[in-house]
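Okay, so here's the structure we're looking at.
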Amino acid sequence: MSRVAIATCKDNALDPDRPLLLAALQAVGVEVTMAVWDDSSVNWDEFSLVIIRSTWDYVNRRDEFLSWARTVDHLLNPYGVIEYSTDKHYLSDLESLGLRVVPSRFCDIGMEPEFFDGDFVVKPCVGAGSMDATRYTKNDHDEARLHVAQLHAKGRDVLIQPYVDTVDSEGERALVFIDGSFSHAMTKGAMLNVHELDRSGLFRLEQMSVAIPEPDAVRYGEKVLAAKGFSHLLYGRVDLVRMNEGWAIMELELVEPSLFLAFNDEAAGKLARAIAKRLN
């Protein structure tokens, strides 16, 4: 029988999608094993497919994570997508394709930061959720420079963006795609309006709600995926915010995004069937 591994991190209980996906895979007859990505005792060659899900502890050791991913055959999403989507420098690439992104200034190690007027956000280029991201005002440049220096000292490049006010009023629109098709949408409320220690790991559960997706947002999400040839992927999430010019990309999550399966009755089954289809 074909076997599937779900790649996770040591504390995989953090993932609320996990029990739903496991049950859905069992329902379609797929034998599945949870496996920690950096567990040296795992023989990844034993599996017909390896599905990356909650590998959230890679952010401080991306090189190690990529080295592991390169060695795993039948990885979904595939290695090239993982390398691309785990570093927010991809925003510059998407912008070069004519896509609208939240204005982004990259401050790589050794560079001096250039902040936006008004409120702005400092975050690592490789990160999960809102951890290590902080919102600053025009009066906080000294604190922001210290934040940049601390991230640089840890070997992490930095992304600086203006704070988009519509996040406070409308939230981000998280568009979930499964097997190349739009599945469901969520509204992510503002996460940078509380102290970092008060956030719930990767997202604040109380700030998530089901969204009735705007047709133009869905069309734009589809356009984003198509621009890089990502429309065929097993799963993906496009996070958009509304700006004066229209929807703009906040993040393109193609590696280990929360898919919010609990908020849509059909999503776990869709994902399980898509995995079963790839086994065949």
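Quick note: the coordinates plus some simple rules give every number you see, no bench work behind them. A quick note: this is a predicted structure, and the numbers were derived from the prediction, not measured. Cβ: placed from backbone, ideal geometry, glycine included. Neighbour counts: every protein chain shown.
Between D63 and D165, what length comes free when the chain is fully extended (0.36 nm per residue of separation minus the Cα-Cα distance, one decimal in nm)?
Stretched fully, the D63-D165 segment lengthens by 33.3 nm.
What does the net charge come to around R156 if you take all other residues with beta carbon closer than 10 Å to its beta carbon, with K and R at +1 and D and E at -1?
Taking every other residue near R156 into account, the sum is 0.
Taking H as built 1.01 Å from N, whose amide H comes closer than 5 Å to the amide H of I52, not counting residues under 5 places away?
Those lying under 5 Å, H to H, from I52 are A7, L76, N77.
Given a Förster distance of 41 angstrom, what is the FRET efficiency for Q26 paired with D108, based on the Cβ-Cβ distance and rounded to 0.05?
Efficiency computed from Cβ-Cβ geometry: 0.35.
Over the chain, what per residue volume does the convex hull of the Cα atoms give, in whole Å³?
Value for the chain: 128 Å³ per residue.
I'd like the distance between the alpha-carbon centres of segment 25-71 and segment 98-126, rounded to an integer number of Å.
That distance is 31 Å.
Testing the spin-label approximation: label points 7 Å from Cα along Cα→Cβ at D117 and E95. State their distance in nm.
It is 1.7 nm.
Report the FRET efficiency, 1/(1 + (r/R0)^6), for R70 and T137, where r is their Cβ-Cβ distance and R0 is 51 Å, rounded to 0.05.
In this case the efficiency is close to 0.75.
Can you list residues whose amide H is under 5 Å from A211's amide H, if they're 5+ apart or on another chain and H is modeled 1.01 Å from N?
Hits under the 5 Å cutoff: A185, M186, T187.
Which value in Å does the Kirkwood hydrodynamic radius of segment 1-141 take, with 1/r averaged over all unlike C-alpha pairs and then inverted?
One decimal place: 17.5 Å for the Kirkwood radius.
Provide, as a two-decimal number, the C-alpha radius of gyration of segment 205-245 over 2.2 N^0.38 Å, N being how many residues it has.
In units of the globular-protein estimate, segment 205-245 measures up at 1.33.
Determine how many Å³ per residue the convex hull of the Cα atoms of segment 105-162 encloses.
Hull volume normalised by residue count: 67 Å³.
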